[in-house]
Amino acid sequence: MELVINTFGTSLNRDSEGFVISTAEGRQRIPAEGITSIQISRGAQITSDAVMLAVEREIEVLFMDKSGQVIGRIWSPKYGSISTIRKGQLAFSFSKKALDWIKEVIRQKIENQQALLLMMRTESSELNAVITKAISKMEDHRSKVAALEGEIVNDVASQLRGWEGQASKVYFDTMNLFLPENLRFDCRTQHPAMDVVNALLNYGYGLLYGKIEGALIKAGVDPYIGILHRDDYNRPVLVYDVIELFRVWVDYVVYTLVSQNSITDDYYSVRDDGSYWLEPLGRRILIQSLNDYLEEVTTVKGVSRSRSTQIFLYCQNLAQQFKKMEVEL
């Protein structure tokens, strides 16, 4: 369970082996048992006693900004990496194996997007024709990614970004057709978002960034050593690579929420520059919806696991690949 503290003026303290949430309405005690992470947003407080209990119980504490991005993290020293993994990670990042890995990540991302488009099929033959055409275009981009040749990622990095970007444009242009007309957008906008759907997507991706970074840290992998994304100073660039495999989960949750026509003016606000920001109600609904989806158990290759567990196991497997790389050297 994730404990989310995002209401202005809320404080989190310790009470023996549990946490106490204090608000203007009163106090609520929650046992530490079963909590996997604590998210603290601006305007909320956490005491040092509560932080110490979280560290003792190996509960990560995340400090979030208004866009859902993690701006700080406290975790148990038991998560520490070993030098074998980090040495292997560095060796891997400049090898042919890294190129093969990132090509497969992008190909899988496009395939996931194609699968979500297929789920949008309706009784409208006209819309279904649009979906079929979009999937065909994306398959062409996917094939071009697979055909790229090089020795290291830098040899084909610009082409990889180009084909991935073109496939994503086709995908979002097509998905946009299934939104209520008043919520359709002209293009993907990131920071800041210029419409409420992009605000929801950006916040959802921010939450997913935090979960993937935490999984990498727990697996002993350095999130700051990237493969395709490697030039952003002081950023967890490997997270930007790994998230491509799982972005479609956020897309599904957001499009499901929006298609239900449940978005009201209370979900967001619009600033003077025209940018859209989620308000506490919008953040709370999206956080709960995404967490529920990630904890849902699905069967992959005959094995049933929650989506959160799938992320963690993927990061563990990545750590083993890096460790093996170092041993081979």
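Pairs please, first residue from region 258-277 and at positive phi, second anywhere and in a loop (DSSP other than H, G, I, E, B), Cβ atoms under 7 Å, 6+ apart in sequence or on different chains.
Sorted first by the residue in region 258-277, then by its partner, the pairs are ASN261/PRO180; GLY274/MET194.
Just the residues that are of a type in the set (Lys, Arg) and either over 21 Å from LEU216 (Cα atoms) or out of contact with any Ser or Thr (no Cβ under 6 Å at 6 or more places or on another chain) (or both), please, taken from region 272-329.
The initial filter retains those residues of region 272-329 that are of a type in the set (Lys, Arg), namely 283-284, 301, 305, 307, 323-324.
Listed by number, the residues that qualify are ARG283, ARG284, LYS301, ARG305, ARG307, LYS324.
If you take the residues in region 260-283 that are of a type outside the set (A, V, I, L, M, F, W, C) and in contact with a helix residue (DSSP H, G or I) (Cβ under 7 Å, 6 or more places away or on another chain), which one is farthest from LEU318 (Cα to Cα)?
The initial filter retains those residues of region 260-283 that are of a type outside the set (A, V, I, L, M, F, W, C), namely 260-262, 264-269, 271-276, 279-280, 282-283.
Imposing the further condition that a residue be in contact with a helix residue (DSSP H, G or I) (Cβ under 7 Å, 6 or more places away or on another chain) reduces the set to 266-268, 276, 279, 282-283.
Working: ASP266: 41, TYR267: 37, TYR268: 38, TYR276: 36, GLU279: 36, GLY282: 34, ARG283: 31 Å.
The extreme case among them is ASP266.
Report yes if SER259 is over 13 Å from the mean Cα position of the chain (by Cα) and at pLDDT 90 or above, otherwise no. Step through it out loud before you land on a result.
Details: over 13 Å from the mean Cα position of the chain (by Cα): yes; at pLDDT 90 or above: no.
Taking the combined requirement at face value, the residue does not satisfy it.
Within region 203-216, identify whether any single residue is more than 21 Å from GLN288 (Cα to Cα) and in contact with a Ser or Thr (Cβ under 8 Å, 6 or more places away or on another chain), and answer yes or no. Spell out how you get there, then give the answer.
Applying the first criterion (more than 21 Å from GLN288 (Cα to Cα)) to region 203-216 yields 216.
Of the ones still in play, those that are also in contact with a Ser or Thr (Cβ under 8 Å, 6 or more places away or on another chain) are none.
No - not one qualifying residue is present in region 203-216.
If you go through region 208-240, how many residues are in contact with a helix residue (DSSP H, G or I) (Cβ under 6 Å, 6 or more places away or on another chain) and under 22 Å from GLU279 (Cβ atoms)?
2
Filter region 128-139 for residues that are surrounded by 14 or more Cβ atoms within 10 Å (Cβ to Cβ) and closer than 15 Å to GLN113 by Cα; which is farthest from the chain's Cα centre (by Cα)?
Of the residues in region 128-139, the ones surrounded by 14 or more Cβ atoms within 10 Å (Cβ to Cβ) are 128, 130-131, 134-135, 137-139.
In the following step, the residues that additionally are closer than 15 Å to GLN113 by Cα were identified as 130-131, 134-135, 137-139.
Working: VAL130: 28, ILE131: 25, ALA134: 24, ILE135: 23, LYS137: 25, MET138: 22, GLU139: 24 Å.
Among those residues, the one meeting the criterion is VAL130.
Do any helices (runs of 4 or more DSSP H) entirely within region 243-329 hold 3 or more residues that are over 29 Å from LYS97 (Cα atoms) and charged (D, E, K, R), and if so, which?
Values: elements: 247-259, 280-295, 307-328.
In region 243-329, 280-295 are the helices (runs of 4 or more DSSP H) which contain 3 or more residues that are over 29 Å from LYS97 (Cα atoms) and charged (D, E, K, R).
Regarding region 289-312, can at least one residue be identified that is buried (at least 19 other Cβ atoms within 10 Å of the Cβ) and over 15 Å from the mean Cα position of the chain (by Cα)?
Taking every residue of region 289-312 in turn, none turns out to be buried (at least 19 other Cβ atoms within 10 Å of the Cβ) and over 15 Å from the mean Cα position of the chain (by Cα).
In region 153-183, what residues are surrounded by 14 or more Cβ atoms within 10 Å (Cβ to Cβ) and either in a loop (DSSP other than H, G, I, E, B) or β-branched (Val, Ile, Thr) (or both)?
Within region 153-183, VAL153, VAL156, VAL170, THR174, LEU179 qualify.
Being free of Cβ contacts under 8 Å to residues at least 60 places away in the same chain, under 11 Å from GLU151 (Cβ atoms) and out of contact with any Gly (no Cβ under 7 Å at 6 or more places or on another chain) is the filter here; which residues of region 80-99 pass it?
Listed by number, the residues that qualify are PHE94, LYS96.
Any residue in region 275-286 that is in the same structural domain as PRO180 (by TED's automatic domain parsing) and over 19 Å from LEU200 (Cβ atoms)? Please lay out each step first, then the result.
Keep residues of region 275-286 that are in the same structural domain as PRO180 (by TED's automatic domain parsing), which gives 275-286.
When the remaining residues are screened for being over 19 Å from LEU200 (Cβ atoms), the result is none.
Among the residues of region 275-286, not one is in the same structural domain as PRO180 (by TED's automatic domain parsing) and over 19 Å from LEU200 (Cβ atoms), which makes the answer no.
The values are calculated or read from the model by the stated rules, or taken from the named source; none is laboratory data. The structure displayed is predicted, hence computed values, not measured ones. Neighbour counts run over all protein chains shown; Cβ positions are idealised from the backbone, glycine included.
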